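Peer 1: Below are the structure tokens for one structure; questions will follow.
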Amino acid sequence: MANLRDLGLSEYEARAYRALLRTGPTTAKELSRASDVPMGRVYDVLNSLEQYNLVRSQAASRPKKYVAVEPDTALDRLLEDKHQELEEKARQYEGIVDELVDELDAAEPVQGQFWTAAVGPDETVDLLLERLSAADDHIVVVAGSSSVQFDLGEVGDLVVEELEGALNRGVDVMVLLSPEIVETLPPSVGERYLEHLADHPQFEVRTSQTVSGTFNLIDDTEVCIEVPNPLDPGETFAMIDLKDPEFATDVRDVFEPRWETADELRL
């Protein structure tokens, strides 16, 4: 059940405000009795409620009287205070993230081999987006068959967003597709990729008959390999992310001559 304490008031402040709504203009002493707020605390509580702009006082009267602001106005003011508080917290967290990014980026990267795998559509997409966002120098996308990256709807939009972010970081993006996958691309997919990315000087798409398999090569240090569903080769079953500079170099060596002989994509 909702409570005024959920909007930042203390128990005594909530009691005092509710009591003022019942009593109308009243003195601190009368309010203490009506709200069960101890007399030794009631003035501090009333001062706090005035700071929240939830009560008004009649200073000219003796003794001084207090009246509650209308509930709609009071709740709007409490909500606005919460909005400002959350915005300030968000700014603080953003500052912390900026500092930590610089600090953590300065650390020496861990060397050696490492691999991980994601199984299932959601996990596969999450891993793919994570690795694309980690690229610092270049991304190579190779798709020889149906690929999660060229899916319709939200997934494709998320991938385009990550590739745009990579381009904005100065990352080169090279996409090599088989004619088969180009033919299966609905016009909306081609438009989305080309309208958002094609004009960028660091983005290029080509096609080649020699493309097989579907993978991403990132910074010549890791390879994300899509694994097709054995029961439905048109769907992605899993993704393996292999961080191995030696293997990544071998993949690059195979990719380069195919890229050089590939044709520019025209949709």
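The values are calculated or read from the model by the stated rules, or taken from the named source; none is laboratory data. All of these numbers come straight from a predicted model, not from anything done at the bench. Please note: Cβ atoms are built from the backbone with ideal geometry, for glycine as well, and neighbour counts cover all protein chains shown.
Peer 1: Would you check if Thr27 is polar (S, T, N, Q) and in contact with a Pro (Cβ under 7 Å, 6 or more places away or on another chain)? Walk me through how you get there before you give the answer.
Peer 2: Details: polar (S, T, N, Q): yes; in contact with a Pro (Cβ under 7 Å, 6 or more places away or on another chain): yes.
For Thr27, the condition - polar (S, T, N, Q) and in contact with a Pro (Cβ under 7 Å, 6 or more places away or on another chain) - is met.
Peer 1: Output the residue which, of all residues in the stretch 205-227 that are in a strand (DSSP E or B) and out of contact with any Phe, Trp or Tyr (no Cβ under 9 Å at 6 or more places or on another chain), is modelled with the lowest pLDDT. Quick ask: steps written out before the conclusion?
Peer 2: Taking the stretch 205-227 as the starting set, the residues that turn out to be in a strand (DSSP E or B) are 205-207, 214-218, 222-227.
Add one more test, that the residue is out of contact with any Phe, Trp or Tyr (no Cβ under 9 Å at 6 or more places or on another chain), and what stays is 207, 214-216, 218.
On the way: Thr207: 87, Thr214: 84, Phe215: 89, Asn216: 92, Ile218: 94.
Here the answer is Thr214.
Peer 1: From Val140, Val182, grab the single residue that is closer than 27 Å to Thr210 by Cα and either at pLDDT 85 or above or buried (at least 20 other Cβ atoms within 10 Å of the Cβ) (or both). Lay out the reasoning, then the answer.
Peer 2: Details: Val182 fails: either at pLDDT 85 or above or buried (at least 20 other Cβ atoms within 10 Å of the Cβ) (or both).
The conditions single out Val140.
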